[in-house]
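Below you'll find the structure, written out as structure tokens, and then a few comments.
The values are calculated or read from the model by the stated rules, or taken from the named source; none is laboratory data. Remember, predicted model here, so these are calculated numbers, not experimental data. Please note: Cβ atoms are built from the backbone with ideal geometry, for glycine as well, and neighbour counts cover all protein chains shown. Areas reflect the complete protein model, heavy atoms only, side chains present, ligands, DNA and RNA absent. Shrake-Rupley method; radii C 1.70, N 1.55, O 1.52, S 1.80 Å.
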Amino acid sequence: MIIDRRDALAGMAAMFGASLFAPIARAAAMQMTPISDGPPSSPVFSAQQRALMTALSERVMPTTDTPGAIAAGVPEFIEKLLADWASPDDRKPILAGLDAIETRSRADYKVAAAKATPAQQDALLTLAMEDKLPGGADFFDKFRQLVLTGYFTSEVGIMQEREYLPVPGRYDGAYPYSEIKKVFSS
């Protein structure tokens with residue numbers, strides 16, 4: 001079974017609408033698969049930023065009864081998307097947000113944000129979401145879009161988090177609604 005990430009990206013673009021982060025929009029608009037195997041064309045993050053981005057992506061989409069962001073390859077997706085589809089200006093709010101979270105973690109918890117406890121990382125993300133960090137709300141909105149797009153366009157997101165129904169599929173107009181346990185994707 002072949003999963004088309006480009007089609008999944010188009011679906012994510014429709015979900016976010018007008019507030020879609022520009023690199024995601026660029027990748028979704030292309031007529032080729034935007035994220036391929038292999039490393040990004042150039043590194044986007046320092047080692048410390050990469051570790052923090054990885055930890056925070058797992059906080060946005062944690063492992064539960066299904067795999068989380070790390071298992072779905074979201075950190076690699078984010079770096080590749082930012083390296084290959086984002087302008088330097090597109091990267092600024094992400095990099096500045098990671099740096100602001102790092103600074104706040106060291107001030108509040110005396111530890112690198114990537115090594116903070118999950119509860120502390122959640123508190124730091126909440127501060128960003130509530131715009132209580134420099135550039136926090138802008139960072140949080142864009143970062144959350146990157147994580148959700150990376151997750152729900154991955155094989156894990158399509159096949160395990162959602163119920164994959166290839167289109168065209170069998171039509172069953174009498175399918176009992178009570179039997180639906182997951183959101184369907186195609």
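Annotations for the structure displayed:
- For VAL111, net neighbour charge (Lys/Arg +1, Asp/Glu -1) across residues whose Cβ lies under 13 Å away: +2
- Signed unit charges on C-beta, dipole axis of region 93-153, positive-most listed residue THR117, LEU127, PRO93: THR117
- 11 Å cut-off, amide nitrogen to a point 7 angstrom out along ALA123 Cα→Cβ, residues in region 54-71: none
- For peptides 84-90, 110-116, sequence by mean Cβ density within 10 Å, most packed first: 110-116, 84-90
- Under 5 Å between amide hydrogens, built in the peptide plane, is the criterion, and for ALA69 it picks out MET61, THR63 among residues at least 5 positions away or on other chains.
- Here is the result for region 44-114: no GluC sites (Glu not before Pro) lie in DSSP coil with at most 13 other C-beta atoms within 10 angstrom of their C-beta.
- Net charge of Cβ neighbours under 12 Å - reference LEU52; Lys, Arg +1; Asp, Glu -1: +2
- Using heavy atoms of the protein chains and a probe of 1.4 Å, the accessible area assigned to SER41 is about 90 Å².
- Contour excess over end-to-end distance, with Cα ends at ALA174 and ALA47 and 0.36 nm allotted per residue: 40.4 nm
- Using 0.36 nm per residue and subtracting the Cα-Cα separation, the extra length available between LYS110 and ILE70 on full extension is 11.9 nm.
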